[in-house]
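First up is the structure itself, then whatever we jot down about it.
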Amino acid sequence: MPPLYTDLSTSVHLPSSLPPSSSSSITKCAPNAPNAPKCPSDLSPSLRSAAYLKSLHLCNQLIYSPSVSPLTVEEILEKSRGQELSYDAFLSLLKNVQTEHVKQTTGLVRSQMTHHFALYRSGKSIIEISSTLNFPPYLLAKQMLENIFPSPRSRVSTILKSLPFDPTLSFFSSSPLFSPRPGDFLSPLGPFPLPHFFLSLAGAVHRDPLNGPLPDRYRRSLGQSYELLLQSSLPTPYLPESSLRLSGFSKTPDILLLTPIKLSVTPRSSINILWLDSKAMYGSPEVHARNLTQARGYVNRFGPGVIVYWFGHCVEGEEDVGVVDGVGEITTITQSITQLTIN
């Protein structure tokens, strides 16, 4: 079976030593998609947009089209091979599309919980029910479990987080915290064997490639890895986010430069970078709109800066918030910092 996600080393092409460059400028819109061998650094904005729209169309098909079974790692990997975007970029875009779908359908799924439990008691697994609903298995399992342990919800999170790492369910048999009491059940449920239900929950958690403890842990780890990679590429003094938080700042970019750096955004204009924010994701218009709101807080406190999309993007930067990709253009930042074109 292929890995759930690609290894970090297969997605990043940041050289350990910076190559010579005749220019230290960056464009408002990163010039290359995240798969360097397929997408040269001078790829035009129209081609970048075409690559994004092609992958977006496929992601919509995968998320919104009815299926007899949930998405699998193998299916996602196979579909991504025909895209101009890298696998990590495609996976990021697919997750964003699914998140929008979940926002639209969660209310309806939650309102029909009695019917879902009736299907379960008739012999359907949580995975089969989720396929019928076209809803992520992990999120359906979470909603069903919340009906058994409606308060506090932290109990539900503890149960679900333990499932991938406790396949024998010894956690449940040894902890009185999760021994059900009569008050834990809602009236539509009636009694049914909890051990079997927990096994069905475990199956749903393991079959969801985009949601749950393992994908969440991967995304957090990936984000931290790229932050460290960005920090290690900067040959100039800076303050990391942890230091800024200790200093009392409520809104903190990943890196605050102690020396402002002037970077060209057009042949006739430039910005003085004071911060960088690392994003281990693909910068689609929807994602960038959310990140731009966050970046405005950094601009108000520190001045202009740059968002680094490690898996590429198809958006344009602005006068005070530049945009680069982490595959090709991040070297431009480090080159300019090395040259120290200081304000």
Item to complete: Tell me, please, whether a residue that is open to solvent by less than 20 Å² (accessible area, probe 1.4 Å) and either within 28 Å of Phe90 (Cβ to Cβ) or modelled with pLDDT under 65 (or both) can be found in segment 145-152.
Response: no
Worksheet item: Just for strands (runs of 3 or more DSSP E) wholly inside segment 221-324: which have at least 2 residues that are more than 19 Å from the chain's Cα centre (by Cα), hydroxyl-bearing (Ser, Thr, Tyr) and closer than 24 Å to Ser46 by Cα?
Response: 255-266, 269-279
Discussion item. Could you check segment 110-151 and list, in sequence order, the residues that are closer than 20 Å to Pro213 by Cβ and aromatic (Phe, Trp, Tyr)?
Written reply: Phe135, Tyr138, Phe149
Worksheet, complete the sentence: Residue hits (segment 114-130; more than 11 Å from Ala204 (Cα to Cα), open to solvent by 10 Å² or more (accessible area, probe 1.4 Å), of a type outside the set (Val, Ile, Thr) and outside any loop (DSSP other than H, G, I, E, B)) are His115, Ala118, Leu119, Tyr120, Arg121
Worksheet item: So how many residues does segment 205-216 have that are at pLDDT below 90 and within 14 Å of the chain's Cα centre (by Cα)?
Response: 2
Worksheet entry | Given (1) under 19 Å from the mean Cα position of the chain (by Cα); (2) part of a loop (DSSP other than H, G, I, E, B); (3) of a type in the set (A, V, I, L, M, F, W, C), number of the condition Leu91 does not satisfy | (2)
Worksheet item: Within the set of pairs 6+ apart or on separate chains, which have a first residue in segment 70-99 that is over 13 Å from Asn60 (Cα atoms), a second that is among the charged types (D, E, K, R) and not in a helix (DSSP H, G or I), and C-beta atoms under 7 Å apart?
Response: Pro70/Arg207; Pro70/Asp208; Glu84/Lys38
Discussion item. I'd like to know if segment 265-278 contains one or more residues that are closer than 22 Å to Ser49 by Cβ, aliphatic (A, V, I, L, M), surrounded by fewer than 24 Cβ atoms within 10 Å (Cβ to Cβ) and modelled with pLDDT under 90.
Written reply: yes
Worksheet item: Would a scan of segment 77-99 turn up a residue that is among the hydrophobic types (A, V, I, L, M, F, W, C), modelled with pLDDT under 90 and within 24 Å of Cys314 (Cβ to Cβ)?
Response: no
Discussion item. Restricting to segment 50-99, and then to whatever is among the basic types (Lys, Arg) and crowded, with 18+ Cβ neighbours inside 10 Å, can you tell me which residue is farthest from Phe135 (Cα to Cα)?
Written reply: Lys79
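The values are calculated or read from the model by the stated rules, or taken from the named source; none is laboratory data. Note that the structure is a prediction, hence the values are computed from the model and not measured. Cβ sites come from the backbone with ideal geometry, for glycine too, and all protein chains shown count toward neighbours. Please note that ligands, DNA and RNA were not included when accessible areas were found on the heavy atoms of the full protein model with its side chains. Shrake-Rupley method; radii C 1.70, N 1.55, O 1.52, S 1.80 Å.
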